[in-house]
Structure formats: C-alpha cells, structure tokens
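I have placed the structure first, in the form of structure tokens, so that the comments after it can refer back to it.
The values are calculated or read from the model by the stated rules, or taken from the named source; none is laboratory data. Just so it is clear, the model here is predicted, and its values are computed rather than measured. Positions of Cβ are backbone-derived with ideal geometry, glycine not excepted, and every protein chain shown enters the neighbour counts. In case anyone asks, the SASA skips ligands and DNA or RNA and just uses the protein heavy atoms, side chains included. Shrake-Rupley method; radii C 1.70, N 1.55, O 1.52, S 1.80 Å.
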Amino acid sequence: MGRMTLALTLAGTVGLLHGCWEGPVACPAMAQVAGVSVAVSSGYSASVGKLYLKACQDGVCTEGDVALYPGSVSVDQGCTPEGVCSAKSSPDGTMRGFLELPALAESPLDATVSATAPAGTALPSRTLTFTPKGGFPFGEQCQRVVTASLVLDETGLRQE
C-alpha cells in the first residue's frame, strides 16, 4: 500500500509540474481582413455625413464609400474578490469605418478622404501618404499583422 501511494503521489506531482513548463502557444485561427480603418474625431464627427476613401499602394488603387458607425471605448468595471473582471462599452463621440483592400503591405500608402456634411455640402478633401504598421499582436510565434489606421479631424488626416 505504501508503494502504491508513493507512485500515485509521484505521478500526480509530475502531472502538475508539466503544466508549469512552457510549451507551444496556439495562434488565433482567424484571418485578417486587409484594409484601412478611419476614425472621425469626436469634435468633427457631427460635421461628416458621408465618407469616401481612395487608397493606393504598390500601384493598386481601391476606392469606395465608407460606412460610418459610432465609435466607443472600453470602460473598466473592476474585478470581484473572486477574480472575475468586466468592462463595458461606452460611446466616445467618434465615427468609425473601414475600406477593405485586396492586400496590405508595409510600403507607402496614399490615402485620400473626401467627405460631405450631413446636408450634402462637400467638405475639404484630405490626402496623406503613410506607411502601415506591422507587428506581432499574438506573439512572435504567430503571423505578422499589418494595420493601416487613420484619423480625420477638422485639421486634416493623420496616421493613428
């Protein structure tokens, strides 16, 4: 009986220790949609009714209307003593949209934004040449992700 107890204790200890060793980390099994995201600042969003974006990279241009939807931020709701944490979404006054591209690389991209006011009058067109950013948001063992994000406000267009 003593040997059996010792064997079970050792087997359990080895099993527990195995959980502490680093092993392969799984990468998210989701595809990235290539494109340019646009945020219209909270101070300018009431002035914009419709948005049109033309994006050119490596000799390929894509253009189209950008559907705008209300932006939001996450507000921390804290954690319970049991360790359950939560957050809620809160509108931040911005408007956000996305133009899908056939591909996105870390090479210069020319973006031109044209907008109209809610009444239909044209707003100034804004142009920016910028380089999308690449990184490893899920760790270096996972696929590199390239993002292109812009902010439009009353002063112009800038990279986010």
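Just report the Cα centroid separation between the range 23-80 and the range 100-142, whole Å.
When both Cα centres are located, 9 Å separates them.
Report, to the nearest whole %, how much of the accessible area of the range 68-160 belongs to carbon and sulfur atoms, 1.4 Å probe, protein only.
On the range 68-160, the fraction of accessible area on carbon and sulfur atoms equals 54 percent.
Which one of 78, 109, 43 is farthest out on the positive end of the charge dipole of the chain, using unit charges on Cβ (Lys, Arg +1; Asp, Glu -1) and the Cα centre as origin?
So the residue we want is 78.
Mind running the shape call on the range 52-160? Use the C-alpha gyration tensor, a ≥ b ≥ c as the square roots of the eigenvalues: rounded below 1.5 for a/c, prolate if a/b tops b/c, oblate otherwise.
oblate
Per DSSP H run of at least 4 residues, take -39500 (n - 2.57); add these up for the chain, divide by its residues and hand me the 222 nm value, nearest 500 deg cm²/dmol.
When only DSSP H runs of four or more count, the value is -3500 deg cm²/dmol.
Counting only heavy atoms of protein chains, what accessible area per residue, in Å², does the chain have with a probe of 1.4 Å?
Ligands and nucleic acids excluded, the result is 65 Å² per residue.
Between residue 123 and residues 5 or more places away or on another chain, which pairs have amide H atoms under 5 Å apart, with H built 1.01 Å from N, and which residues are they?
Residues meeting the criterion, in which the H sits 1.01 Å from N, are 115, 116, 117.
What is the helix-to-structure angle for 2-18, meaning the angle in degrees between its Cα long axis and the longest Cα principal axis of the chain, kept from 0 to 90 and rounded to the nearest 10?
That works out to roughly 20 degrees.
Which whole-number percent is the relative contact order of the range 73-156 (Cα, under 8 Å, 6+ apart)?
The normalised contact order for the range 73-156 reaches 19 percent.
Between residue 25 and residue 84, what is 0.36 nm times their sequence separation minus the Cα-Cα distance? Round to one decimal in nm.
Answer, rounded to one decimal: 18.9 nm.
Quick one: net charge of residue 99's neighbours, Cβ under 11 Å, K/R +1, D/E -1?
That works out to -2.
Before anything else, pin down the relative contact order of the chain: Cα pairs under 8 Å, at least 6 apart, normalised by residue count, whole percent.
Reported relative contact order: 26 percent.
Quickly work out the residue 60-to-residue 77 label distance, labels modelled 7 Å from Cα along the C-beta direction, and quote it in nm with one decimal.
4.2
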